[in-house]
Amino acid sequence: ISTSVAITGLLAGAVYAIASFSQIFVGKMTDKFSPKLILLVISVGQVLFIYFSSVFENWSLFFMSLFAMAFVFGQVPINDIILSRYVPDRKRAKILSIKYVLNLSAGASVLPICSLMMQNGFEMSQIFELMSFFAVFIFLAAMLLPNQAASERLDLTTS
């Protein structure tokens, strides 16, 4: 699609801007479905669409990236909902601050790690394959979550 850094940045910005709206959808789904089920669906979507991003290019890659990032952004509210529902009130501030530091550290390390990998002969498609493999761990972690009864979820239809 592009050989220009500016156009590539514009396309990436469009992917992030559009995909970020998935957070609203996931937030609404948490009132109807258990966090475990939502996280399972999100993790399967991440594995599939991140992997498919490794095999496509041009416009197909753009749309695959859009779906992949929608599933990645969709995980943001479900993580906080899981913490708020399963972590006791007295420990929540400490756990959320640890989560924040871990997210910041992991996010800040991604670009340097990818840069080192590409300098050492990895291709972008291989990095996508590796990322889809790591998304399997999200699925496995979601399997460990306890089921939440419908009575424990918010019922916004009656208010």
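Remarks
- Extension gain (nm, one decimal) between Phe21 and Ser115, 0.36 nm per residue minus Cα-Cα: 31.0 nm
- Rounded to the nearest 20 debye, the dipole magnitude of segment 18-159 is 620 debye, with +1 charges on Lys and Arg beta carbons, -1 on Asp and Glu beta carbons, and the Cα centre as origin.
- Pairwise centroid distance, computed over Cα atoms, of segment 10-69 with segment 93-133, Å: 17
- Adding -39500 (n - 2.57) for every DSSP H run of four residues or longer, then dividing by how many residues the chain holds, sets the calculated 222 nm ellipticity at -26500 deg cm²/dmol.
- For the chain, the average shadow cast by the Cα convex hull is 11.0 nm², which is a quarter of the hull's surface.
- Of Phe63, Ser84, Leu102, farthest towards positive along the dipole that unit charges on Lys, Arg, Asp, Glu beta carbons give segment 23-102: Ser84
- Reach of Lys94 by Cα under 26 Å, taken over lysines that are not fewer than 8 positions away in the same chain: Lys36
- Sites Ser105 and Asn58, calculated FRET efficiency, Cβ-Cβ separation with R0 35 Å, nearest 0.05: 0.55
- Per residue value of the accessible surface for the chain (all protein chains in place, 1.4 Å probe), Å²: 66
- When peptides 96-108, 28-40 are ranked by their average number of other Cβ atoms within 10 Å per residue, the highest-first order is 28-40, 96-108.
- Between Val44 and Ala14, the simple label model (points 7 Å from Cα in the Cβ direction) yields a spacing of 3.0 nm.
The values are calculated or read from the model by the stated rules, or taken from the named source; none is laboratory data. Note that this is a predicted model, so its numbers are computed, not measured. Neighbour counts run over all protein chains shown; Cβ positions are idealised from the backbone, glycine included. Accessible surface is based on the protein model in full, side chains and every heavy atom, while ligands, DNA and RNA are left aside. Shrake-Rupley method; radii C 1.70, N 1.55, O 1.52, S 1.80 Å.
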